[in-house]
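What follows is one structure encoded as structure tokens, with my remarks underneath.
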Amino acid sequence: MGLSNIINDSLKFPFKNPKILLVDAMLSFINSLLIAYTMKTDDILQFFIFLILTLIATFVIKGFALKILKHHIVGESLTVTLKTLPAMILEDFVDGIKITIVRVFYNIVPAVIVIVVGFITGTFEKLFIFLGYLDDAINLTTNAVTISSIFNSIPSDVTSSLISSLFVLCALAALLYILFNLLTYAAYGVLAQTGSIREAIKIRDVHSRISSIGWMKYFGFWIFSSLTLIVLGVVGELLSKIPVVGVIIGATVFETFIVIFTYTAIGMVYTDN
């Protein structure tokens, strides 16, 4: 299936399944109310109670997103009835915790790599030296202080060395962000397919899964979906400018639409090999 077909079908999916859109929107609306009340209350006990309820609702919403992914990968039913609702909420809550753990893992790994590289290459040492010069320059300045006068008092070799090191480190961070973002999407697919956090955080196996899809195609999907999400985000921002109704639609229905689109697209590209 072509990338344009994946994006088009993913955009159509919420319209073809309005009940799913409605259920997820209701969950998002409830969560928004809980967040608002949590931030508003001055009572400490109420604050922690609603904070816990907010976390539960957040995990349920994340778990429901994983359910959408399961639907596209393993054919899990998205039918929701009053009879199955309690079991669904419990399952989604557990899945929400799982997907959060996977997300945190794929955020921590690149952060640790950047920090370690920063120490090994001496970038942080150069930063501390620069800050030391900066502090001395500020303390020793007796005349009118200007930004240029402060920086001119710092040795140019210290500044240039720091800038070049930071540039390299930031470039590495950007590349790792893109790489691990790609890995995260595929890891969600592995989690939906196996239900195992352990399998989802096996970077080598997730890498192999992307290889089976094709790295060029997968990267193209990431670009296409990211651009689509940017456009949808702009539309949602414009909707939120409409008083009351626009805010409600933007914070619930439209945000839900974006979530359903994203996980549908991930599921479709994950199985397209």
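Data table
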| quantity | calculated |
| --- | --- |
| All positions within the range 73-87 that are assigned to a helix (DSSP H, G or I) and open to solvent by less than 40 Å² (accessible area, probe 1.4 Å) | 73 |
| Cross-chain or 6+ apart pairs with Cβ under 6 Å, the range 79-92 first and polar (S, T, N, Q), then exposed (fewer than 12 other Cβ atoms within 10 Å of the Cβ) | none |
| Count of the range 156-199 residues which are surrounded by 16 or more Cβ atoms within 10 Å (Cβ to Cβ) and either charged (D, E, K, R) or touching an Asp or Glu at 6+ places or on another chain (Cβ under 6 Å) (or both) | 1 |
| Candidate set: the range 102-114, residues that are closer than 11 Å to residue 172 by Cβ and β-branched (Val, Ile, Thr); chosen: the one least open to solvent (accessible area, probe 1.4 Å) | 114 |
| Within the range 200-217, considering residues that are without any contact (Cβ under 8 Å) to a residue 60 or more places away in the chain and over 27 Å from residue 118 (Cα atoms), the one most open to solvent (accessible area, probe 1.4 Å) | 216 |
| Those residues of the range 27-72 which are among the aliphatic types (A, V, I, L, M), under 18 Å from residue 100 (Cα atoms) and open to solvent by less than 50 Å² (accessible area, probe 1.4 Å), in sequence order | 27, 57, 60, 61, 65, 66, 68, 69 |
| Among the residues listed as 90, 131, the single one being surrounded by fewer than 16 Cβ atoms within 10 Å (Cβ to Cβ), modelled with pLDDT under 90 and assigned to a helix (DSSP H, G or I) | 131 |
| Yes/no for residue 21 being open to solvent by less than 60 Å² (accessible area, probe 1.4 Å), in a helix (DSSP H, G or I) and touching a Phe, Trp or Tyr at 6+ places or on another chain (Cβ under 8 Å) | yes |
| Residue 67 being within 23 Å of the chain's Cα centre (by Cα) and under 28 Å from residue 265 (Cα atoms) | yes |
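Matching residues to (1) at pLDDT 85 or above; (2) in a helix (DSSP H, G or I); (3) small (Gly, Ala, Ser):
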site: 29; (1), (2), (3): no, yes, no
site: 32; (1), (2), (3): no, yes, yes
site: 45; (1), (2), (3): yes, yes, no
site: 48; (1), (2), (3): yes, yes, no
site: 62; (1), (2), (3): yes, yes, no
site: 66; (1), (2), (3): yes, yes, no
site: 71; (1), (2), (3): yes, yes, no
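The values are calculated or read from the model by the stated rules, or taken from the named source; none is laboratory data. Note that the structure is a prediction, hence the values are computed from the model and not measured. All Cβ positions, glycine included, derive from the backbone under ideal geometry; neighbour counts span all protein chains shown. The protein model used for the area step is the full one, side chains on, heavy atoms only, and it has no ligands, DNA or RNA in it. Shrake-Rupley method; radii C 1.70, N 1.55, O 1.52, S 1.80 Å.
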